[in-house]
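The values are calculated or read from the model by the stated rules, or taken from the named source; none is laboratory data. All of these numbers come straight from a predicted model, not from anything done at the bench. Note: ideal-geometry Cβ built from the backbone for every residue, glycine included; neighbour counts use all protein chains shown. For accessibility, only protein heavy atoms count, side chains too; no ligands or nucleic acids. Shrake-Rupley method; radii C 1.70, N 1.55, O 1.52, S 1.80 Å.
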Amino acid sequence: MKFRKWFIPFLVLLFLWPYSGNTPAAAAATDIRIILDGEALSTDASPYIKPGVNVTMVPLRVISENLGAQVAWSQADKTATIQKDGSTLVLTLGSPAVQVGGSTVNLEASVEISSGRTMVPLRFVSEQLGITVDWNGKNRTITLTSGSVEAPSDPGSGGEVPQGELPQPPAAGGTASGLRGVWVSTVSNLDWPSKSSYGKVEAQKAEYVQLLDEVQAMGMNAVFVQVRPSADAIYPSSLVPWTSYLTGTAGKDPGYDPLQFLIEETHRRGMEFHAWFNPFRASTGGDASKLPANHVANQHPEWIVKFDGKLYINPGIPEARDHVIRAIMEVVNGYDIDGVHLDDYFYPTGESAAKPFADDAAFKAYNANKIANKGDWRRDNINQFVQKLGQGVAQAKPNLSFGISPYGVWRNKSNDLTGSDTKASVTAYDSTYADVRTWIKNEWIDYVAPQIYWSLSRKEVRYDLLVDWWAGEVRGTNVKLYIGHAPYKLGTPEIGWSSAQEIIDQLEYNRQVPEIGGSIFFSAKDLRKNPLGLIPLLQSYYGM
């Protein structure tokens, strides 16, 4: 019974998940409607009837942690194991049988993969969950009743509408291969969209579809898309202006909601969409007059610090931090994202006595705790920001994932005996004022994804030593660990990047560390270039 209770909302989600397949069956059944407990389920793609067996097939969204289920996916044998409250389903792609609590149940139709999407038959899941299914052949309507409402009797019903099953390319955190993500940068049009697509809606959509096609074929199951490049947005916002990276002109409406499209297209193929925010970068340039009037640099110039030719929102000003949080929460509340993701842009690196980050006035004005050391004060500012944002995300959508990708070295051992045995010139704690250890210890974040962008043979910052250090930090907490990888370095003169096997060796090392739940690659454009033949190696590793 417990399994039924948690799975009913999943079934609703299943029907809402859009499908736009191009099979004849799909095209022939565009008028099929689904009614759940008297309410029509709105979807932009209808189910289709599988020819020859009279089975209705529906698209399946990937099972994610926001439903509270634990999922393990074996790419080698195409098997998904789903566990919840002591109940277990074991499903195999293409098999007519499913294991339910150790017993074998035969299906009336098999799971299908169509255009990279998993399609499942309807009746099986319904029968397992105690949900009544009624098919009206005349009106081409599927009526579902969850048990709390009596199924209506319709004289036109009678046809069998089977359903069932749930294998899927794995979701983040909880799969055998774990999270396999890729960062998609919009700043400077690095990954998407291209400059040549400025003002061309269909071209931008086609570019993203092609990007997903390619990275999914490599084995990726999640994207981390930069939705806030520089205090702007790739979505219609009441708080920040449109980014220039959509049209070439900051503040110009691109004529559609790119974020909504990106999310739908990502979910359509069973991948996770994590909204990536750059929190405190205001502009990659230093001239606010070139920015829209509603840009924070023009609305609140007192919040802005110009440093190294760029504009930054001052993290030391509480109102400025709250503004950033409101901008992020606008997306949390308005879109069906799978997670909130922050990069390492807190305080900028490269500061010196001759080139300071000018926040002395804020240090004096906003220092209620009388923190004597400015570095400690800056870390406290970021701590307050992370804690407050995490609380806001958890309150709005408790099952949403919130994580941060800091610089790969927290502190060197030479500065802190509890730091890593490294000799990094830049560290998260001392350079960007990111006290990641405190975030982990207090579980303000759901996962940490350190950017370990060095090879296994780089002595000063060796990959395996850093992985072990971060694993030790999350051990015993509820904070997950994903590793950020650097395929962009393949083929460069830096030590250890002369072969694509370096990435595979890193992935193999990760498998030996139980705390690691997956990997994220920087970035999409670099993976798509197939550096030194990496793509076939990834496909082989992930069993594609």
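Here are the numbers:
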read-out	value
Length released on extending from residue 370 to residue 249, taking residue separation times 0.36 nm less the Cα-Cα span	39.2 nm
Spacing of the two label points (7 Å from each Cα toward its C-beta) at residue 306 and residue 478, in nm	4.6 nm
Added length on full extension, which subtracts the Cα-Cα distance from 0.36 nm per residue, residue 539 to residue 99	155.6 nm
Heavy-atom accessible area order for 141, 284, 92, largest first, 1.4 Å probe	284, 92, 141
³J(HN,Hα) computed for each position of the stretch 488-503 - Karplus, 6.51 cos²θ - 1.76 cosθ + 1.60, integer Hz, glycine/proline x	5, 8, 4, x, 8, x, 4, 4, x, 10, 8, 9, 5, 4, 4, 5
Scattering profile of the stretch 351-409 at q = 0.18, 0.21, 0.23, 0.29 Å⁻¹ [log10 I(q)/I(0), Debye over alpha-carbon scatterers]	-0.81, -0.93, -0.99, -1.17
Loop-resident sites, the stretch 476-522, for GluC sites (Glu not before Pro), counting at most 15 other Cβ within 10 Å (DSSP)	494
Listed residues 330, 319 arranged by accessible area, highest first, probe 1.4 Å	319, 330
Calculated from backbone phi, Karplus (6.51, -1.76, 1.60) coupling profile of the stretch 326-341 in Hz, x at Gly/Pro	4, 5, 5, 5, 4, 6, 4, 7, x, 9, 8, 7, 9, x, 9, 10
Percent of alpha-carbon pairs separated by more than 14 Å within the stretch 180-249	59 percent
306, 489, 441, ranked by accessible area, largest first (probe 1.4 Å)	441, 306, 489
Solvent-free Debye scattering, log10 I(q)/I(0), computed from the Cα coordinates of the stretch 197-337 at q = 0.15, 0.16, 0.18 Å⁻¹	-0.77, -0.86, -1.03
Equivalent-ellipsoid semi-axes of the stretch 275-371, from the Cα gyration tensor, Å, largest first	24, 17, 14
Residue-wise HN-Hα coupling along the stretch 185-201, computed from phi with Karplus coefficients 6.51, -1.76, 1.60 (Hz; x: Gly, Pro)	7, 9, 4, 6, 6, 5, 10, 6, x, 7, 4, 5, 9, 3, x, 10, 4
Centre separation in Å (Cα based) which lies between the stretch 506-544 and the stretch 301-326	36 Å
Cβ-Cβ FRET estimate between residue 414 and residue 363, R0 fixed at 30 Å, reported to 0.05	0.65
Cα→Cβ-extended label distance, 7 Å offset, between residue 200 and residue 529, nm	2.3 nm
P(r), alpha carbons of the stretch 402-544 - 10 Å bins starting at zero, rounded %	12, 43, 34, 11, 0
Amide H contacts under 5 Å for residue 240, placed H, 5+ residues apart	none
Options 327, 297, 286, ranked by Cα towards positive dipole end of the stretch 280-333, top entry (Cβ charges)	286
Distance between modelled label sites at residue 441 and residue 459, nm, 7 Å Cα→Cβ extension	3.3 nm
